[in-house]
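Here the structure is laid out as structure tokens; the discussion comes afterwards.
The values are calculated or read from the model by the stated rules, or taken from the named source; none is laboratory data. Worth saying up front: this structure is predicted, and the values here are computed from it rather than measured. Cβ coordinates were reconstructed from backbone atoms using ideal geometry, including for glycine residues, and neighbour counts include every protein chain displayed. For the accessible areas, the whole protein counts, side chains as well, though only heavy atoms, and no ligand, DNA or RNA atoms are used. Shrake-Rupley method; radii C 1.70, N 1.55, O 1.52, S 1.80 Å.
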Amino acid sequence: MVAYVVIGLIVIVAIVVIVGAIMRKKIYKQIDHIESWKIDILNRPVKDEISKVKELKMVGETEKKFETWRHDWDEIVSTELPLVEERLFDAEEMADRFRFDKASQVLSELQLTMEDIEFRLKEMLADLNVVVESDEKNRKDIVEVKEQFHSLKKILITNRPQYKKTLPFVEAKLEKIEENLTLFEKETNEGNIINARKILSETKTDIEALTETMDIIPKHYKQITKVIPGQLKELESGVKEMTDSGYVLSHLQIDEQMVAIRDKLQLFEEKMEKAEFNEVEQGLTAIFEQLEALYNLIEKEVESRHKIKEQADLLRNDLRIVGEKIDDVSSETVIVQQSYRIDQEDLREQADIDQFFGKLDEEFNEVDEILQEKREAYSILFEKITAMREQLDHLHDDVDAFKVKLNTLRKDEMVAKDLLRDLKQQLIESRRKLQRSNLPGVPTEYLTLLEEGEDVLSEISSKLDEKPLEMQTVKQLLPEAKEKIKLVLNKTDEMIESAVLTEQLIQYGNRYRSQNPMISEELNRAEAYFRSYNYTEAIEIAASAIFQVDKTVLKKFKVEIEEIS
């Protein structure tokens, strides 16, 4: 029994010894950490950092901060850290006596103390760096700021007349900057580095803003007093010249707009005096946009004048063609009525076509009269011509549709008339295609061929109108007419294609003109043939010339010329 008690005591003592050893090790580790931390703080060059401030002017705020930092550092080194050292010895002694809870409490308090010291040191060094860096930046920036300031003063002296009524504003800004520079020097001399930095930064921003303002003021005045008035004068002169040459521009209200612009310019000068530069800039931009819009409208009038004569001539011709077509339809309706019953609805449709065409023709004559008398703007007349073109095209379609209805009622003669209509349409399309191609002209043999085609169609038309109708004669003439019109169509396509190919070959060959005088001469000859409407010969001459220096020309343009190939 005694033996068990002894063994129990031995086990308890062993456990106590082991736990005590573990706890002491933990306490010693914390002590070592705080001790290392303390040594690290003592070894930091804080004193050297504080000494940097001595290089600055030791007055005012700088001197106060220096004394505060030095006192705080001395307090940490001579009082607070030695006290930490003593408390570490106390904690170590408590651990040796197995007073672990007390030792832990002391170490927790020391941890908080060290964190507080660390925080204060970081704040001290951060504040110190702000002062030192601010002084360095001040020394560097003040040189640039003063140079900019003197540069602005020089600009004002040199270009004083350009600033007109904004002079008081600019001078006031410069005076304010000069006052701030003086205040900066005062704050610097009194050791108020941070406040001096703030003043210098604001002054630098003010100088940058004033630099931009002083740059735009002369530009704005130039636009207000010279550029825009000059454009208005030029516009005025151009409008008078155009009006004298027959243009009608009253609908653009140019005079009213120019008066309004001049009023705005006067208002802008007042705003410049009030330093409302942003509003002036926005207003000037709007005026330039307004002037550009006016120039575009005037250019539109010029373009309309160039286009309207050609379009009016085309419309006049097409009105004649459609009118003849409507007359044919009306006549055909009468003829068909002799043999067939036509619905009243269809007859009303035919009457509507006649009425609409009459109205369209009358409207065109009115527009044409106004155009000849120059009583309305070309752009407005051109829009009317364009609208009438669309209406005529639709009317043309309606006429064709009505003819289809009549055709369903015709008998044997309709085959011939259908063919005649198709041949006439092909001839009309051929003429349109020729007009759209913008050829310089057509050869005499083509005109002869065209006349022969028109003659045979006219003869067939006459035969079909005869009573009684001799269908045998018409049938004999139709193959000849088909052949003639086919020849006209083929010749038209061939002529247009030849003209286009000639232009392409000459344009392609222009790259060799400077290299080879012979090619240049041959291309000139090809151009002469082109202007003489001999397009096939022009192709042969141009292709032959280019082939001498470029063997790929035949393949590129798919040219087949006997003399070359």
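Details
- Verdict on Glu445 being modelled with pLDDT of 80 or more and either within 26 Å of Asn490 (Cα to Cα) or among the basic types (Lys, Arg) (or both): yes
- For region 114-135, taking the residues that are farther than 27 Å from Gly191 by Cα and buried (at least 17 other Cβ atoms within 10 Å of the Cβ), the one that is farthest from the chain's Cα centre (by Cα) is identified as Met114.
- Complete set of residues in region 350-389 that are of a type in the set (Ser, Thr, Tyr) and open to solvent by less than 50 Å² (accessible area, probe 1.4 Å): Tyr378, Ser379
- Only residues that are modelled with pLDDT of 85 or more and open to solvent by 70 Å² or more (accessible area, probe 1.4 Å) were counted in region 229-247, giving 2.
- Residue within region 504-513 that is charged (D, E, K, R), in a helix (DSSP H, G or I), open to solvent by 90 Å² or more (accessible area, probe 1.4 Å) and touching a residue at least 12 places away in the same chain (Cβ under 8 Å) present: no
- In the condition set (1) in contact with a helix residue (DSSP H, G or I) (Cβ under 7 Å, 6 or more places away or on another chain); (2) assigned to a helix (DSSP H, G or I); (3) surrounded by 15 or more Cβ atoms within 10 Å (Cβ to Cβ), Ile335 is compliant with all but (1).
- Ser250 polar (S, T, N, Q), within 30 Å of Arg375 (Cα to Cα), open to solvent by less than 80 Å² (accessible area, probe 1.4 Å) and modelled with pLDDT under 85: no
- The criterion of being at pLDDT below 80, over 38 Å from the mean Cα position of the chain (by Cα) and under 30 Å from Gly246 (Cα atoms) does not hold for Asp361.
- Criterion violated by Val549 - all others in (1) at pLDDT 75 or above; (2) aliphatic (A, V, I, L, M); (3) assigned to a loop (DSSP other than H, G, I, E, B); (4) surrounded by 15 or more Cβ atoms within 10 Å (Cβ to Cβ) satisfied: (4)
- Selection count where residues are in a helix (DSSP H, G or I) and of a type in the set (Ser, Thr, Tyr), scope region 231-288: 4
- Within region 500-534, the residues that satisfy the criterion of being under 24 Å from Glu445 (Cα atoms) and more than 44 Å from the chain's Cα centre (by Cα) are Arg525, Ala528, Tyr529, Ser532, Tyr533, Asn534.
- Taking (1) within 23 Å of Leu314 (Cα to Cα); (2) loosely packed, with under 12 Cβ neighbours inside 10 Å; (3) at pLDDT 80 or above in turn, Asn438 satisfies each apart from (3).
- Qualifying residue in region 194-205 (condition: under 29 Å from the mean Cα position of the chain (by Cα) and not hydroxyl-bearing (Ser, Thr, Tyr)): no
- When every residue of region 262-273 is checked against the conditions, none turns out to be among the aliphatic types (A, V, I, L, M), surrounded by fewer than 18 Cβ atoms within 10 Å (Cβ to Cβ) and over 30 Å from Val170 (Cα atoms).
- Residue within region 204-213 that is touching a helix residue (DSSP H, G or I) at 6+ places or on another chain (Cβ under 6 Å), part of a helix (DSSP H, G or I), crowded, with 19+ Cβ neighbours inside 10 Å and not hydrophobic (A, V, I, L, M, F, W, C) present: no
- Region 535-544, subset of a type outside the set (A, V, I, L, M) and open to solvent by less than 70 Å² (accessible area, probe 1.4 Å), residue nearest to Thr444 (Cα to Cα): Tyr535
- Condition met for Gly238 (over 30 Å from Leu297 (Cβ atoms) and touching a residue at least 40 places away in the same chain (Cβ under 8 Å)): no
- Residue identified as over 17 Å from Ala312 (Cα atoms) and either at pLDDT 85 or above or not small (Gly, Ala, Ser) (or both) among Thr408, Thr386: Thr408
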